[in-house]
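All remarks here apply to the structure that follows.
The values are calculated or read from the model by the stated rules, or taken from the named source; none is laboratory data. Nothing here was measured: the structure is a model prediction, and the numbers come from that model. We place every Cβ from the backbone using ideal geometry, glycine too, and count neighbours over all the protein chains shown. Remember, those area values only see protein heavy atoms, side chains included, never the ligands or the DNA or RNA. Shrake-Rupley method; radii C 1.70, N 1.55, O 1.52, S 1.80 Å.
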Amino acid sequence: MSGITTSHSRLMPTKQQRKAPVFAVSALALCISLSACTTPDATSDTKPTGSKPLEIVTTNGDVGTSQDRAREDLSSVEEVIVTASKQNQPAPGRPESEYADQSLHGIAKIARMQSGAEAHWIRPPIAPHPGFQPRPQDNERYPGFDENPVKLVSEVPVSTFSIDVDSASYANVRRMLNAGQMPNAEAVRIEELINYFSYGYQQPKASDNAFTVATEIGPSPWHPERKLLHIGIQGVDIDRSELPPSNLVFLIDVSGSMQSANKLALLKPAMKMLVRQLREQDSIAIAVYAGAAGTVLEPTAGNEKAKIMAAIDNLRAGGSTNGAAGIELAYDLARSANKEGGINRVLLATDGDFNVGTVSVDALKALVEKERKSGVSLSVLGFGGGNYNDAIMQELAQNGNGNAAYIDTLNEARKVLVEEMSSTLKTIAKDVKIQVEFNPATVSEYRLIGYETRHLEREDFNNDKVDAGEIGAGHSVTALYEVTLAGSQGSIDPLRYARTAPQNERSSSADELAFVRLRYKAPGGDTSSLQEFAISKADVADDLAKLSAAYRFSAAVAGFGQLLRGSKYTQDFDFDDVASLAQSAKSDDSFGYRSEFVNLVRTAALLGDVN
């Protein structure tokens, strides 16, 4: 055999070839290369004039022209390709001839040289079809946690936790569902799904109270023997025009991992939305970090919008990610432009993929904990997918006296940075804790839905040195407990030798289900204030349809979150039940967030059937 002939029809990929494993094309592209050859006629059986021995490019970058080296290296390649081809067998009933053009055996035979002196011409490998989009590698990281269990009131009557007003989990779950995939269960934090929505709670009236508290208790949608206790806390709102001067430092990740369209390209117009809201008394600075950190914009008055916009337009991505160096620089900038009595905040925009410098979560926590004592808060804006590091984002926001949001669309950017600007920037209370004491005479069991990562010990409630969550102006917090009333069938058998309260104690509290305590500090204070109130047995409603839209919609969202996490507590409740309940409770939906939720639930139902 003096040569190998080829034709365009044999080397052009068929429709089926374009669906073949990517590594087949990659193996050919990596292992076979020709130099200084001219293309022969498609029907010629002679080697091309002036051809040289075949060059072999190995996976470690070595190049050789030895025919012995070629035979040795390419026999290994053939073995890999042949093995791969066995996984690409024709469907039953279809002739082998239809798959001849896909045969990886043929590719291997072309690649393997004969022992003669002649070189064998083959055309360069064909590039993947223009429409081909490889699926991104999923390296997203989420903190793992177990679902809150049912607890006996006779054994553990008190539940204590830190509030959480973050909404990052909901937007992240939405991103995954809109991409056609069910979310990772660990990405679902039910309290963040619930608190994404506003429930129209009454605003505080008394000037000495930062919060109002609303409660309802009624049937559990997924368990006929249970009730849901709904606790809603509303923070006092501040009109945007009355906000104190703001000193904002955007710390932007411009590493190579931020090059995607849903990362830096989305962040830039999102920043511009916020810039348009700034006033002359406000200031903004921009720091960036990749392999090293640098200042793009020194603190600049909010009315110098052209200068600020130009700095945003010039942002480019590339390099590795040294997040710690950037955080330190951002805090330096914030301190240099400190506004006494104003808002001093660093806004970190990143996918959380820190891979250079201080990458230990504990070390980063220690850094932001130290800096928050200077009066500068840290909020986190998450972007992108594939390598999103939710674990670090949550730790930084919680320890930086800030909040965490996830920006998956420009609409979400508008919600967080424009519509909820006061809530995002202005803190009205810090170290906010909730404690609920259940009455064993009227409640036998309870389960807190969500807030697994916000658990506090009972003694932490009165300890003002224990850190807890912050609430921004106008923010609300909603917590749901599933409870079993005394006399109903519970899930845990009571203790045979459990202590029974004396008759006088039972009679004095027989009309109460629970006692709720709320503790918080003023933004600059060190001593906490306390609000407390009782929940009466007379408040229990029997008809779900007669309860408020806030109750029903929050219950639907809680049910959705539990289904996404694979909860064992939802009985036969399914996505269709969630959608029906939410649809009945859309109420005032001027921005369409509740309607969007119903559509997400329907999408999850379809994806769940497929998966």
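Computed with a 1.4 Å probe over protein heavy atoms only, the accessible area of Thr527 comes to about 110 Å².
Contact order for region 380-465, expressed relative to its length and based on alpha carbon pairs under 8 Å spaced 6+ residues apart, stands at 22 percent. Each principal axis of the Cα cloud of region 140-202 was taken in turn, and the coordinate range along them, longest first, works out to 46, 34, 16 Å. Rounded to whole Å, the principal axis extents of the Cα atoms in region 246-305 read 35, 23, 14, largest first.
Enumerate by residue number the trypsin sites (Lys or Arg not before Pro) in region 551-611 meeting two conditions: DSSP loop (anything except H, G, I, E, B), and at most 15 other Cβ atoms within 10 Å of the site's Cβ. Passing both the DSSP loop test and the Cβ count: Lys568.
Rounded if a/c is under 1.5, else prolate if a/b beats b/c, else oblate: with a ≥ b ≥ c from the C-alpha gyration tensor eigenvalues square-rooted, which is region 508-555? Taking the square roots of the gyration eigenvalues as a ≥ b ≥ c, region 508-555 is oblate.
Sorted into 10 angstrom bins from 0, the C-alpha pair distances of region 460-605 split as 8, 25, 29, 28, 9, 1 percent. Each semi-axis of the equivalent ellipsoid for region 196-265 is √(5λ) with λ an eigenvalue of the Cα gyration tensor; in descending order they amount to 37, 26, 8 Å. Residue by residue, region 474-490 carries 3J(HN,Hα) couplings of x, 6, 10, 10, 10, 10, 10, 10, 8, 10, 10, 6, 4, x, 8, 6, x Hz when phi is fed to the Karplus relation 6.51 cos²θ - 1.76 cosθ + 1.60 (θ = phi - 60°); x denotes Gly or Pro.
For Ser476, the residues whose modelled amide H falls within less than 5 Å of its own, excluding neighbours fewer than 5 places apart on the same chain, are Gly235.
Could you tell me which of rounded, prolate or oblate describes region 200-309, using a ≥ b ≥ c as the square roots of the eigenvalues of the alpha-carbon gyration tensor, with rounded for a/c under 1.5 and, failing that, prolate when a/b is larger than b/c and oblate otherwise? Taking the square roots of the gyration eigenvalues as a ≥ b ≥ c, region 200-309 is oblate.
Across region 260-394, C-alpha contacts under 8 Å between residues 6 or more apart give a mean separation that, scaled by the residue count, equals a relative contact order of 24 percent. For region 128-286, the Kirkwood estimate of hydrodynamic radius, built from reciprocal distances between every pair of different alpha carbons, is 20.8 Å.
Residues whose amide H falls under 5 Å from that of Phe211, counting only those 5 or more places apart or on a different chain, are absent, with hydrogens built in the peptide plane.
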